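S.K.: Here you go, one structure.
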Amino acid sequence: MANVVRKIYRYLSASANRKFDEKADPRVQIDQAIMEARQQHEALVQQAALVVGNQRQLEMRMARQVDEVANLTESARSSLLLADNARAAGDLVTAAGYEETAQAFASQLVSAEASLEDLKNLHRQAAASAQQARTAVEDNTVRMQRHLAERARLLTQIEHAAMQEQMTKAMEGMSSLAPAGDTPTLGEIRDKVEQRYAVALGRHELASQGMEARMIEVRRATMDARASSRLAELRGDMAAGGQLPAGAGGSAASPDSAASPGSAASPGSAAKPTGGGTP
């Protein structure tokens, strides 16, 4: 049972990490990686500084120990010289005292020289460690510079990818194959308008083929025929009254012109008297 629980935990953890990596901003992850690399570099520099500082401290101790050895050597020589002078003067007691003093200085000198040798060995080790630390810092500095250059390149690629995504999204928005979104595309709006117009035409066509439409058409044709007939009557009345010129609105003859030409007297004819004989 515990094994199953561990498997489930690992699966859920891997799934969560994968979803997080998919949703995470690459720019933030790059900054996190650079920050971690800088922290590691600072820790390495701090450690290298401790190693180099240890070397410098050993060098200072060596310098003091060298001075101590030199002083003890000089003191031992001075004691021996004084002992020789006292012995030459016949003062054996004083000479013995200087001999003891020289012996004490010699004992301290041996101890100081041993300490100096130990310090030299430690300094050689510290120098080697310091050199390794310097090399590690230099290598890590070069690596940090490569990381920074890689960061700049990746950020440039991310911005270029974002621009390409925006351009692709815009092109897909103008395409009829674009996925459904919150804002309709021009193609969708055109299809919607055309569908609405087609439905309106279809409804009008169906409505015009019904009985009501035919009745309205017959009534309109009848009214048009009556209007035309009434207009002809009005035009005839106006022609009969002399309100229209000849030939206007149809050649309608006047009543006077309907008489025969023989019934009209010629201008040169004289009227005969009625009932009168020849004289």
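S.K.: Mind telling me which of the residues Leu72, Leu81 ends up being surrounded by 13 or more Cβ atoms within 10 Å (Cβ to Cβ), in a helix (DSSP H, G or I) and in the same structural domain as Ala152 (by TED's automatic domain parsing)?
M.R.: The conditions single out Leu72.
S.K.: Moving on. Given (1) surrounded by 14 or more Cβ atoms within 10 Å (Cβ to Cβ); (2) farther than 30 Å from Ser79 by Cβ, identify the lone condition not met by Thr135.
M.R.: Only one criterion is unmet by Thr135, namely (1).
S.K.: Now, a different point. Within segment 10-54, work out how many residues are part of a helix (DSSP H, G or I) and either aliphatic (A, V, I, L, M) or over 30 Å from Arg134 (Cβ atoms) (or both).
M.R.: 31
S.K.: List the residue pairs whose Cβ atoms are under 7 Å apart, where the first residue sits in segment 100-129 and is among the acidic types (Asp, Glu), the second is surrounded by 13 or more Cβ atoms within 10 Å (Cβ to Cβ) and part of a helix (DSSP H, G or I), and the two are 6 or more positions apart or on different chains.
M.R.: As it stands, the answer is Glu113/Val69, since those pairs meet every condition given.
S.K.: Quick one: which residue in Arg56, Arg124, Arg27, Arg61 is under 30 Å from Thr156 (Cα atoms) and not aliphatic (A, V, I, L, M)?
M.R.: Arg27
S.K.: Next question. Consider Gln46 against the criteria (1) surrounded by 13 or more Cβ atoms within 10 Å (Cβ to Cβ); (2) free of Cβ contacts under 8 Å to residues at least 40 places away in the same chain: it satisfies all of them except one. Which criterion is unmet?
M.R.: It fails just one condition, (1).
S.K.: Could you tell me how many of the residues in segment 141-157 are more than 11 Å from Ile30 (Cα to Cα), touching a residue at least 12 places away in the same chain (Cβ under 8 Å) and of a type in the set (A, V, I, L, M)?
M.R.: 1
S.K.: Collect the residues in segment 84-111 that are surrounded by fewer than 15 Cβ atoms within 10 Å (Cβ to Cβ) and hydrophobic (A, V, I, L, M, F, W, C), keeping them in residue-number order.
M.R.: Those that are surrounded by fewer than 15 Cβ atoms within 10 Å (Cβ to Cβ) and hydrophobic (A, V, I, L, M, F, W, C): Ala88, Ala89, Leu92, Val93, Ala96, Ala104, Val110.
S.K.: Also, quick follow-up: Could we say that Thr141 is modelled with pLDDT under 90, part of a helix (DSSP H, G or I) and exposed (fewer than 15 other Cβ atoms within 10 Å of the Cβ) here?
M.R.: Here the answer is no, as Thr141 does not meet what is asked.
S.K.: To continue, here is another question. Could you go through segment 103-123 and let me know if any residue there is of a type in the set (Val, Ile, Thr) and farther than 30 Å from Ala63 by Cβ.
M.R.: No, that holds for no residue.
The values are calculated or read from the model by the stated rules, or taken from the named source; none is laboratory data. Quantities reported herein were computed from a predicted structural model and do not represent experimental measurements. Counting neighbours? That spans all protein chains shown, and the Cβs are built from the backbone with ideal geometry, glycine included.
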